[in-house]
Amino acid sequence: MKVISVESVSKKFILAHDRPKDLADAARGIFRRRKNEDFWALKDVSFDVEQGEALGIIGHNGAGKSTMLKLLTRIMEPTSGRIRTRGRVSALIEVGAGFHPEMTGRENIYLNGSILGMSHAEIHSKLDDIISFAELERFIDTPVKRYSSGMYARLGFAVAAHVDPEILIVDEVLAVGDLEFQQKCLQRMQEVRTSSGRTVIFVSHNLAAVRSLCTTGICIKAGSIISGGPVDTVVKDYLDTLERDCEIGLAETTERSGTGSMRLTDVRLLDGNGCATNALIAGEPTTVKMSYVNPGGVKRANFIFTVYNQTGVPVTNIDMGLTAFSPGPLQESGDFYCTIPELPLPTGRYRVAASIVVGGENADHVNSATVFDVVGSRYFEGGKMPPSRYCTALVAHSWSSEPVVAAELPFAAGVLERPGEHDGPGGATWN
Amino acid sequence: MGQAVTDKSIVGHVEEPWPEERKLGALKILWQHRELIASLTRRDIRSRYKQSVLGVAWALLQPLAMMIVYTVVFSHIARIPTGGIPYPVFTYIALLPWTFFQTGLTTGTECLVGNFNLITKIYFPREVFPIAAVLGKSVDLALGLLVLVPLLVVYRDYVHITWRVALVAPLLLIQISLLLGLTFILSSWNLFYRDIRHAMPLVAQVWMFMTPIIYGLDMVPKRFLPIYMLNPMACVMDSFRRVVLLGTLPNWSYLGIAAVVSAATLIVGYRNFKRLEPAFAETV
């Protein structure tokens, strides 16, 4: 049975560059044309969701995921097209919506519960469960303004988790917070789905979470569905588009965010001989070259990149600011080289997201700066690799039959040739 | 409003999504959300007086203080004629519902802006906010009545309590319709133009002087009455005095006008609110 049917839905926003600021301005506006720009956040999107399905919605930032979510939850109405839903829809977009700081935990459970669509009788019957789920028995009659942020979030989530709708729509922002909290959230969603055949829609960046929770998926790009079907296919299609984005060239791509005071013009990989390549060998020295332009004459900036594997899991994050390397005043344009003495990645395809941070703010961030493959291995003698399902990164190690003092081991002391003086903890070096 | 065009090729046309719910009457939707309205009302009341030493006593203090001030100024200095009724009870019977009306308007105007975080996060019919705001203020009104009773006892020799006191109920109904209708309009406009927020206190002040609160209706020149009585609050305030203090009946023709104006305001306000509702979450 179809519980949600989205029929050629479009959503237009008016980017008002010239919005009336007050009534007087609005009155003047009658006599002149305003410079407004239409922005189609979603264009002719159609899909159906069957009962018991767990649908993941994935896509870039700004692709239209959040708009879709707001349409599905009725917070916004479509500009054209129609959405039909059957059954009670509950949206977990924010934890603790409507909490009043002066009211006690118990009072807020009733308030938040009714905001989320529960009846008082229902809340009353679940009250003890909610309190114990939140682990707040001792503080339940304390005003929530005295709660720590963790307690606040636990209470909010406990209420949300006990809403029992036919259709549950969850935004990934719900999964922020510590890892334990995320696990609890995902576990609860899994329970809701499997125990009662409820329908779940999950909007997320976290491809691993989408894969483990969802059966089907849709991928939205620039307001349109570019892929739909079994979740594994959709995740793969999404990663493919990220790779294709790399081919546009970093200097031109518009799939970026940040203040723009500096820009990445190129991120590429160099093998042990300094030749640019996208096919790398594990265990070989590898250099990541980051090129920038600095039109604003910024003096100091931090360069960071994250390597994601095929399932979208971040494998490592390499941050110049964590090392002792200090680049000196920046030029109008230039390059930085980050050298990894032994590439510790199993075979597979990887994506690099890169950013320049100036004064704590992203000056430029590109989600898919480059893509590379690890095609072979010299990490271990004999060129073998651990099975990929048990391994996302390789770790240098040695075996012996006697106890050893770790400080005397060769790689701890840096037996490998290291190109610079300033060593990062992972052996990555900037220069 | 509400015509269903099914041609999907017309880009930009807003079809009616969720037609199932659109068919429900306004009252049925409200009934479905009665517990939410109750929760929001309770939150409004609880939050208003928490962390204040006097707590709910503030709900009584405002009309009481105004009563004392007006009594001193308009009875002992300006000497406004009241037809033999002691000034404190003469003014309080109008001040109490007026204070409810005025504070209802000011808090009601803010009800959407104040809950904007909820509006962009969770869907439910937005009319619950103005309704909860007005209901929250009704509690203040009920508390104010607690002061009215001893006042009537003190001045029992000057007032004529009859069965007509029961007519307070329909009078309140007219007043609440007007208040709710205006709250629908003001709260939604205030979301788009914050000018409303600044204009409200001024408008309320002017409105108060155009309503027989500190003076009696018989002081208004006869030739102004046809225009003066278009203000539903004028008739309602005068009627409160008649049914509670004088034991007489309201002027039915004026009350009829007041009832029609109030009902029309409620209907127009509600429709205006529902028409703007889809845009609420998109205002930034």
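Only the coordinates and a few stated rules stand behind these numbers; no lab work does. Everything numeric in this text was worked out from a predicted model, so none of it was measured. Every residue, glycine as well, gets a Cβ built from its backbone with ideal geometry; the counts of neighbours run over all protein chains shown.
Averaged over peptide A:82-89, the number of partner chain Cβ atoms lying within 10 Å of each residue's Cβ comes to 3. Footprinting exposure proxy ranking of A:TYR308, B:TYR193, fewest other C-beta atoms within 10 angstrom first, gives B:TYR193, A:TYR308. You can think of it this way: the chain between B:LEU230 and B:LEU146 has 27.2 nm of extra reach, that is 0.36 nm per residue less the Cα-Cα gap. What the pair-distance distribution of the stretch B:150-202 shows, using all Cα-Cα distances binned every 10 Å from zero, is 20, 28, 21, 20, 11, 0 percent.
Shielding of peptide B:184-194 by partners, expressed as the average count of other chain Cβ atoms within 10 Å per residue Cβ, is 1. Once you order the gyration tensor axes a ≥ b ≥ c over the Cα atoms, which shape class does the stretch A:256-430 get: rounded for a/c under 1.5, otherwise prolate or oblate by comparing a/b with b/c? It comes out prolate by the Cα gyration axes. Label separation (B:PHE209 vs A:SER333): 7.0 nm, computed from points 7 Å beyond Cα along the C-beta direction. By other beta-carbon atoms within 10 Å, ranking A:VAL89, A:VAL9 with the fewest at the front produces A:VAL89, A:VAL9. With contacts taken as Cα pairs under 8 Å and at least 6 residues apart, chain B reaches a relative contact order of 24 percent. For chain A, the mean residue ellipticity at 222 nm estimated from helices alone is -7000 deg cm²/dmol, where every DSSP H run of n ≥ 4 contributes -39500 (n - 2.57) and the total is divided by all residues, rounded to the nearest 500. Here A:SER261, B:SER239 are placed in order of increasing Cβ neighbour count within 10 Å, fewest first, which gives A:SER261, B:SER239. Relative to the Cα centre, the charge distribution of the stretch B:25-280, modelled as +1 at Lys and Arg Cβ and -1 at Asp and Glu Cβ, gives a dipole magnitude of about 360 debye. Measuring between their Cα centroids, the stretch B:227-284 and the stretch B:107-137 lie 21 Å from each other. Computed from the C-beta positions of A:VAL315 and A:THR233 and an R0 of 35 Å, the FRET efficiency is 0.95 to the nearest 0.05. Once the chain from A:HIS397 to A:HIS124 is taken as fully extended at 0.36 nm per residue, the excess over their C-alpha distance is 92.6 nm. Mind pulling the angle between the C-alpha long axis of helix B:195-209 and the longest principal axis of chain B? Nearest 10 degrees, somewhere in 0 to 90. The helix B:195-209 is inclined about 30 degrees to chain B. From helices alone, chain B scores -20500 deg cm²/dmol at 222 nm; the rule is -39500 (n - 2.57) for each run of n ≥ 4 DSSP H residues, then divide by the residue total.
Bridging of A:LYS70 to lysines at a Cα separation below 17 Å is possible for A:LYS11, A:LYS12, A:LYS43, A:LYS221, B:LYS121, once same-chain residues fewer than 8 apart are set aside. Remark: spin-label model distance B:ARG34-A:ASN273 equals 8.3 nm, labels positioned 7 Å along the Cα→Cβ axis. Here the spin labels are modelled as points 7 Å beyond Cα on the Cα-Cβ line, and at B:VAL220 and A:ASN302 they lie 6.9 nm apart.
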